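Notes to accompany the following structure.
The values are calculated or read from the model by the stated rules, or taken from the named source; none is laboratory data. Keep in mind that what you see is a predicted model, and the values were worked out from it rather than measured. Cβ sites come from the backbone with ideal geometry, for glycine too, and all protein chains shown count toward neighbours. Only protein heavy atoms, including side chains, enter the accessible area calculation; ligands, DNA and RNA are left aside. Shrake-Rupley method; radii C 1.70, N 1.55, O 1.52, S 1.80 Å.
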Amino acid sequence: MFSRFAFLVLLIILLAAGAVVYLGNIEQDVSLDSVSEVWSDVLRDVDQFGFKLTRVSAEREMELGKKLAKKVSFWFENNPSKEAYVSRVSQKLLPNLNRKDIKYEFHVIKSSRLNAFALPGGQVFVMSGMLDFVSSEAELAAILGHEMAHVDLRHCVELFQYELFFEALEMEDIGMVVDLLRRSISMGYRKYQELDADSFGLVLMKKAGYDPSATVDLFTRLKAYNNETDPARAKTPVGEVARVLEEALDSYYDSHPVTTKRINRLKELIRKNKF
Amino acid sequence: MTFILLIVVIITLVIVFDRLRAIDRRIDLLRDYVLGKAKKEDLEQRIQSPQTSRFDVSIKNEPLPSRFDVSIKKEPIVTEKIESVAEVPKTKKVSKAERRKEPDLIQRLFGGMATEEWESVVGGSWLNKIGALVLIIGVALFLGYSFRYFGPLGRIVIGLVISLVLLGIGILTESKKRYAIFARGLLGAGWAGLYITTYAMHAMDASRIIYDPLIASVMLFVVAVGMILHSFIYRSEIVSGLAFFIGFITLAITPVTGFSSIALLMLAFSLLAVAYKLSWNKMAVFGLVATYAIYAFKTSGLEMPRELSFVQFLFQHSILIIYWVLFEAFDLIAIKKRSSRLDLSMTIFPLNACGFLGVSFLQWSTGSNLIISHLLFMTAAAYLVSTIIRFRLMPPSASSKKDDIVTRLVGGGYEGAVTLAAALLVPFIYIRFSGLNINIALMLEAQFLFLLGLYFRLPYLRYLSLALFIIPLGKLLVYDINQPGEIILSGLNLKYWTPLAFLSAAVFYLNRLILNSIRGLKTVLAERGYSYSAAIVIAVVLGFELHSHLLALGLLLYAITLFENGIKTNLEEFRIQAYCVAVLALFTLVFINVFDLSVSNFASRLSLGLTAALAYLSFFRFYKFAPSNISKDESVYLRDISSGLGTILLAILCWYLLPVPLIAIGWGVLALLVLELGFFVNLPALRIQGNIMAALSFGRLFLANFTGIGETFGISHRVITVLPLALLFGYFSKKYRTVAEKLDFELYLNRIYLWAPAILFFFLIRFEFGRVLAVVGWSLLVLVFVLLGTRRNNIDLRWQGYILALIVFLRSWVTNFNMPESLSGMFGRVVTGSIVIAIFYACQFILPRYKDELEKYGRMMFSVLATVLLTVLIFYEVQGGWLTVAWGIEAVALLSVGFPTREKSLRLSGLFLLMLCIIKLFVFDLSGLETIHRILSFIVLGLLLLGVSLIYTRFSKQIKSYLVED
């Protein structure tokens, strides 16, 4: 008797759940991201054990950053107005960072490409093409927040951490080998570090008083600029599985997630946190 | 001239062959003599006696001894061998018997006569006949020569004289036995000469003395009759054969006229009459071949007029027709006379057919298609008449049971004639009809034969009709379906051949059912071809006429119809067809409905849905109303396959119809219904399907539900879809735990279904809370697992708790509760960490003190994990000078709780932490901290240590009791 009742209740719950989903805003994405992301979690957790044992000081990190920045100094645009603009926006974001011992430096690079990047020790670079592309201060804040998040979350220094650690022990060769191994592991989760940087950048923006939705706008325009299109739903169940597997294999070593996923993730964060 | 050369060559070959054998024999004898196997007398005797030469054959086959094998000479075996030659031992008898079975060339030539006779036969008979032939040729040459000097009459007279002289000498000498053979040769030559001369009287310009063809014909007839009658006296096939041969040769070399044709006809007739009378079958066959060959030879060189009228064409064929009638009549008459079913005369029927049709074909260019069709029809009719006569002469009822169709066919039965009649009608129909009318006419012909076969109970006619049906069927399937054209029938736009295809299928089915309905009728396997052909035709029609997305449904419906018909008629072949069509339907379904590009097609979905419904109906039919006339195994397979197909199709339909996040729910509902039904009706196959659907539903969540951002009323679709499915798996677990009857594969399903929700919750929390914050949710889940596992005494739940706790610990430790997604300050590191740590401590106290080998460390594990996390959290939150004090307080707290709760792990953790503080104090704090912090650290830690020490000493008795109880 109980079984029959439980069966009916369960059936109703399932059907009701279906009806509720049907009423909402339905997402059509199909991928192996859930498994891939959890796997990347495992890789990151494993990697973190090594990082915890080989932490380098903020001073050494900044020293490394400056050394690396010098190598790209020939690219600098030396445009005071643009540098002032970047500096002004970044100053609003700095107070909310976790790592207070890092002294950030911002540079504008003369390039038409739409890009920005960060190096260990707070070296942040924005290309002039990107500066021209952003349509608001909030959008620039989104870019800067994302790059500062990489530094604050140690993504940048972790790329060189083993090398620096073993260099200090005067065992550079071992450092290189270990770093090579680590890089092969970290390839599997680097795109998820981008999502982390997006999320933390969003927090920095919000705390700095910018509208977080500007990030979504920026990525949407970037997607259009790069002519990225979302794949249509597969036409057959087997085709769907084949495509999912193909995408998973193709994107495993990607350094950045596809823009659509970043936009979706940002939208979800904004919704959840009622930004 | 060529002929003479041919004869000379044959004779030479015979002589040379004989000489070679003789030489061979002598060499053998000489070899035996040299080797000592034979004495001189033996050698002489054997050379003289032809008998010995026969034995030599076996001796010759003995292996030759080696030149160095000296012992051979000493061994008595040599004598034995010679004796054995004289005695004709058994082995040699066998050898002779074998030789009898397989006669050599000489024996075959001389009809197995004794060896001593053949020489006389060659010398007396053959040379005589060859001599006669040579003489006749000589006469002919002489006549040719004499043409220069004599007029027609003179030439004729010379011919007559020579012929009559030969005849006369032959008649005179024939009576004497000694010259009998010689005389017959002369007789043959004489008659041939007479025939040729008579023929020449009218046929040859150079010797024409008779101008009236009638008189010439009568004269030739008289000579032929004379020749025939005279042949009767001697009853020698060779003599008569020679005469006829010469007659045929004569006609072959003369110009073509109506007279020559009549002459040929009369020659043939007389030959047949003789052959029939004296049972000279070889001669009859020879006559047939010669007649058609000469006719073909003589008419091939003629320039044929074009576009003859039918009458002219028929007239042109008249001689040929008469030939055919003549030989057919001979064959019919000979049927009764045949002593053996396997003699040479059996070839007359096929040779006559080939001869007539072959020669006639050479003349077809002179007639239009219409005329040829008339000829074909008339020939078919003639063979039909022949069929009737043959049927009466040699009724199937009279034939032995051992006689198979082939024996009757070659033995002159009606079968050959009716086959030819039927076959001749095929080209007739092709000429007279066009398009689909050909199919109809061919089918009518075949059906007529079929019904005739049934009516007269003649299986051969049924087989013939079956073979005939293949022609229109093949035409339909290979040619007609590729032709364009449509017709509108009752508002339906159909291929132009569709009605005919249905008609064909109907006829095939009708025939099959008729065959099945007649009691006692023996059918052959090939006759099942009717229903198979019908099935193929209908499948093809469906393939062309149905919308591609409805094809699978149509085929499946047809398969069901076939199956039901098979059950009703109790004919296995219908079921086999049903299975084949069903498999075809499935392939169609897969390649058109599932893999087709236009998945949004309504027809495709409708087809899928209806097919699924059909499959379930089929399942119900086999479950509830399983047919009694099929095996139980077959019924069960069909039931399970039907239900499986239904489930698969519904799953595919769900995929098509439902939005991405709902597919897992759809499959879950399907799994619930099927599994529940499987339990209800106690069918393992259904339960397997239910489990597979549940697994698919589970897997689907990882593809579409965890990372999606859809939401309804602010609740993510992730939550809305995963939670009910987790409940579903929990339900299945409970179901399998409570059900008594389980199959082998189901024994562990209750545990597997208990782990499934745990995995789902793990993922749900990971994606709902984010990478770092997930530890809070997971730790709550740990608490739930431990609570439930303890209360329900479920080891799986507890182990889920242990494993998850380890994951939470590792994630917490490596991320330091440092959350990039920790927003709005609500979940700070302290709050998050505190929740996790508190839950771990709670779990420690919830868990009973298990005695199990592994589980006895459960409490300790939670305790240690919580303490480590607390220590790490304090490390991050209390940086600087207060850290030692904070850890010292933590240690005291652990001890304080550890004593009353009798938790050894807490107490040991506290003591370990105190030790750590002391080490830190002296190694780091003493030099590293600012003065005030250093002082405070020392003071506080000192007090704490004293306090702990006081407790241990003041309450030593109680502590001892705790320790004992621990």
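Laid out as a table, the results:
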read-out	value
Checklist (1) surrounded by fewer than 20 Cβ atoms within 10 Å (Cβ to Cβ); (2) over 30 Å from B:Leu477 (Cα atoms); (3) not small (Gly, Ala, Ser) applied to B:Leu645, failing item	(1)
Test: B:Ser863 is open to solvent by less than 40 Å² (accessible area, probe 1.4 Å), modelled with pLDDT of 90 or more, assigned to a helix (DSSP H, G or I) and over 30 Å from A:Trp39 (Cβ atoms)	yes
Matching entry among A:Val244, A:Val238 (being at the interface with chain B (Cβ under 9 Å from one of its Cβ atoms), open to solvent by 70 Å² or more (accessible area, probe 1.4 Å) and β-branched (Val, Ile, Thr))	A:Val238
The one condition in (1) in a helix (DSSP H, G or I); (2) open to solvent by less than 50 Å² (accessible area, probe 1.4 Å) that B:Arg528 fails to fulfil	(2)
The one condition in (1) open to solvent by less than 10 Å² (accessible area, probe 1.4 Å); (2) under 19 Å from B:Ala380 (Cα atoms) that B:Leu476 fails to fulfil	(2)
Residue list for the range B:745-776, restricted to those being over 19 Å from B:Gly699 (Cα atoms), in contact (Cβ under 8 Å) with a residue 12 or more places away in the chain and surrounded by fewer than 20 Cβ atoms within 10 Å (Cβ to Cβ)	B:Phe745, B:Glu746
Test result for B:Leu696, at pLDDT 90 or above, more than 9 Å from every other protein chain (Cβ to nearest Cβ) and under 11 Å from B:Ala671 (Cβ atoms)	yes
Single unsatisfied condition, A:Gly65 versus (1) more than 7 Å from chain B (Cβ to nearest Cβ); (2) open to solvent by 80 Å² or more (accessible area, probe 1.4 Å)	(2)
Filter pass, B:Leu662 being at the interface with chain A (Cβ under 10 Å from one of its Cβ atoms), more than 24 Å from B:Leu589 (Cβ to Cβ) and over 42 Å from the mean Cα position of the chain (by Cα)	no
Residue match in the range A:198-212 (condition: more than 24 Å from A:Thr259 (Cα to Cα), assigned to a loop (DSSP other than H, G, I, E, B) and in contact with a helix residue (DSSP H, G or I) (Cβ under 9 Å, 6 or more places away or on another chain))	yes
Tally, over the range B:903-919, of residues that are farther than 12 Å from B:Gln844 by Cβ and open to solvent by 60 Å² or more (accessible area, probe 1.4 Å)	6
Matching residues in the range B:708-744 - criterion: being outside any helix (DSSP H, G or I), open to solvent by 30 Å² or more (accessible area, probe 1.4 Å) and in contact (Cβ under 8 Å) with a residue 12 or more places away in the chain	B:Val739, B:Glu741, B:Leu743
A:Asn78, sole failed condition from (1) within 11 Å of chain B (Cβ to nearest Cβ); (2) open to solvent by 40 Å² or more (accessible area, probe 1.4 Å); (3) touching a Lys or Arg at 6+ places or on another chain (Cβ under 9 Å)	(1)
Residues that are open to solvent by 40 Å² or more (accessible area, probe 1.4 Å), out of contact with any Asp or Glu (no Cβ under 9 Å at 6 or more places or on another chain) and touching a residue at least 40 places away in the same chain (Cβ under 8 Å), drawn from the range B:870-902	B:Tyr876, B:Glu877, B:Trp882, B:Ile889, B:Thr901
Index of the failed condition, A:Glu170 passing every other in (1) at negative phi; (2) away from chain B (no Cβ under 14 Å)	(1)
A:Ser3 vs. criteria within 14 Å of another protein chain (Cβ to nearest Cβ), polar (S, T, N, Q), in contact with a Ser or Thr (Cβ under 9 Å, 6 or more places away or on another chain) and assigned to a helix (DSSP H, G or I)	yes
Hits in the range B:668-684 - residues which are open to solvent by 40 Å² or more (accessible area, probe 1.4 Å) and either at the interface with another protein chain (Cβ under 10 Å from one of its Cβ atoms) or not in a helix (DSSP H, G or I) (or both)	B:Leu673, B:Phe680, B:Asn682
Residues satisfying the stated conditions in the range A:247-275, i.e. polar (S, T, N, Q), at the interface with chain B (Cβ under 9 Å from one of its Cβ atoms) and within 15 Å of A:Glu228 (Cα to Cα)	A:Asn264
Residue list for the range A:247-266, filter: in contact with a helix residue (DSSP H, G or I) (Cβ under 6 Å, 6 or more places away or on another chain) and open to solvent by 70 Å² or more (accessible area, probe 1.4 Å)	A:His256
Of the criteria (1) surrounded by 18 or more Cβ atoms within 10 Å (Cβ to Cβ); (2) under 19 Å from B:Phe769 (Cβ atoms); (3) within 7 Å of another protein chain (Cβ to nearest Cβ), which one A:Val21 fails	(2)
Condition check for A:Ala149: without any contact (Cβ under 8 Å) to a residue 60 or more places away in the chain, assigned to a helix (DSSP H, G or I) and out of contact with any Phe, Trp or Tyr (no Cβ under 7 Å at 6 or more places or on another chain)	no
Options B:Gly453, B:Gly435; residue that is surrounded by fewer than 21 Cβ atoms within 10 Å (Cβ to Cβ), closer than 22 Å to B:Ile518 by Cα and of a type in the set (Gly, Ala, Ser)	B:Gly453
Selection count, the range A:130-149, where residues are farther than 17 Å from A:Thr220 by Cα and either open to solvent by 10 Å² or more (accessible area, probe 1.4 Å) or over 19 Å from the mean Cα position of the chain (by Cα) (or both)	1
Matching residues, the range B:190-230, being open to solvent by less than 10 Å² (accessible area, probe 1.4 Å) and more than 18 Å from B:Val157 (Cβ to Cβ)	B:Ala224, B:Met227
Qualifying positions in the range A:34-50 - facing chain B (nearest Cβ under 7 Å) and open to solvent by 30 Å² or more (accessible area, probe 1.4 Å)	A:Val35, A:Phe49
